[in-house]
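The structure appears below as structure tokens.
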Amino acid sequence: MVRKDDSRIIEVVHSVCCGLDVHKDKVSAYLIFYDANGNEQSDVKEFGTFTDDLIRMREWLLAHACPVLAMESTGVYWRPVYNILEDYLRVILVNPRDMKNVPGRKTDISDSKWLAGLLKHGLLRGSFIPPREVRQWRDLTRMRRRYVQTASDYRRRTQKLFESANIKIDSVVADLFGVSGRHLMNLLVSGQEISLSAVQSCIQGRLKRSDMEIFRAIQGFFNDHHRFQLRSLLRMVQHLEDEIACISNQIRSLMSGHEDVLERLKETHGISEIASRDILAELGPTLEAFPTDAALASWSGLCPGNNESAGKRRSGKSPVFKHHLKTIMVEVAWAAVRTKGSYYKDKYHRLKYRIGAKKALIAVAHRILKAIYRIIKEGAHFRDLGEEYLTLRNKSKKVQRLKKQAQMLGFELVPQTA
């Protein structure tokens, strides 16, 4: 008979370990270790989150020769703890959904104790934390993406302002913030008299609309109130564009040693200069944490989830709903399916007919990510299978099926000679 408190039926993987429950202002730590007689002991402490508090916690862990710890955190509060402990012991960052505690028994101390117990027996799966260099790439690429989104928001506000002032510049130029569009907006800001000759001096290159149509489009109910708003919006857009250019230069500088893999990534359909650097920043240059391409696809949320019970398949939605890499790959897939004569375009339209546009796009993104895995980890070059690949893959079976259908209709298929 096994006692209720006998845990020897489960193998002990880490005899000395610690569990941390991390919050904004407090860290609860539960340490498991063995005394000189080989008896299991535990120690519970709470620390602040200032740097000197975290250093005291590190010294406490090192004094007990703790080689590994697991922590669970809300938001980004794990980062200060990880900065202090990264170079001294192994840190496992745990997703809360992977370590659910017993309902109704939840406190900070009990959570840390539960973490330490699971870690002791090797029952925890850590999140992917890239090296410090790659984390810096991530911070910059994600900052650039947010700035680009903010700049787009201000451009939309500018368009909304023009609609309220009876100005129709975006109806006569392809890009409101292109060269001609910016010159026309500067003309409005300057307060000069709007004449046909002034409009003609603002036009650069060839536009589809005539000069007179552009002149008519810039006539409206535009007064000093709208002019003040337009100046403010243009200053914000210009400031954001300058910051985006500065961040892009810094990203290129930090990634200067990985031009080879970046060039190979850009060979893939749909991957631009910016997308290649965003992907490398999310994954890193080695992919050591992902043993297979399937593991990478599962981590990024680009493959279906498994939900089966009693032989019945339930919802196959991926448990990963929001992921930075997933967003990037969907944008890449949109560009790839518009590439003429490509395998991805043909595959997308075949799947779209059966499962719908959104699921088909996720499937294409999944296939592109598998190609990226080979490019980064194995040093391979991208090779497009071609638009005819799926048609010619099972040529003999398709010919046999067409022959049977022709015979049923009273015809006979004859091979075409060269």
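Nothing in this text is a laboratory measurement; each read-out follows from the coordinates by a stated rule. No experiment lies behind these values; they were computed from the predicted model shown. Cβ coordinates were reconstructed from backbone atoms using ideal geometry, including for glycine residues, and neighbour counts include every protein chain displayed.
Annotation: the residues THR141, THR150, THR391, sorted from fewest to most other C-beta atoms within 10 Å of their own C-beta, follow the order THR391, THR150, THR141.
Roughly what percent of Cα-Cα pairs across region 133-256 reach past 19 Å? Value for region 133-256: 53 percent of Cα pairs lie more than 19 Å apart.
Once backbone amide H atoms are built at 1.01 Å from N, CYS17 has ILE32 as its partners under 5 Å, excluding neighbours fewer than 5 places away on the same chain. Computed from Cα atoms, the angle from the helix 51-63 axis to the main principal axis of the chain rounds to 40 degrees. Determine ³J(HN,Hα), in whole Hz, for all residues of region 311-320 in sequence, where each value follows from phi through the Karplus function 6.51 cos²θ - 1.76 cosθ + 1.60 and θ = phi - 60°; x replaces Gly and Pro. Result, rounded to whole Hz: x, 10, 8, 9, 4, x, 5, 5, x, 8. The gain in end-to-end length when the ILE10 to GLU59 segment is fully stretched comes to 14.6 nm, 0.36 nm per residue minus the alpha carbon separation. Averaging 1/r over every pair of different alpha carbons in the chain and inverting the result gives a Kirkwood radius of 27.1 Å. Taking ARG314, ARG90, ARG227 in turn, the Gaussian network model of the chain (Cα-Cα springs below 10 Å) assigns the largest fluctuation to ARG314. The phi-based Karplus calculation (6.51 cos²θ - 1.76 cosθ + 1.60; θ = phi - 60°) puts the 3J(HN,Hα) values of region 78-95 at 6, 5, x, 5, 5, 4, 6, 9, 4, 8, 10, 7, 7, 10, 10, 8, 9, 6 Hz, whole numbers, x for Gly and Pro. In whole angstrom, how far apart do the alpha carbon centroids of region 198-262 and region 120-138 sit? Measuring centre to centre over Cα atoms gives 40 Å.
Karplus-derived 3J(HN,Hα) values for region 364-374, using 6.51 cos²θ - 1.76 cosθ + 1.60 with θ = phi - 60°, are 5, 4, 4, 5, 5, 5, 5, 5, 4, 4, 5 Hz; glycine and proline are entered as x. Its DSSP H runs of at least 4 residues, each contributing -39,500 (n - 2.57), put the calculated 222 nm mean residue ellipticity of the chain at -17000 deg cm²/dmol, to the nearest 500. Note on CYS17, CYS202: ascending count of other Cβ atoms within 10 Å places them as CYS202, CYS17, the fewest first. Of the residues ASP153, ASP224, ASP108, the one with the fewest other Cβ atoms within 10 Å heads the list, and the complete ranking is ASP224, ASP153, ASP108.
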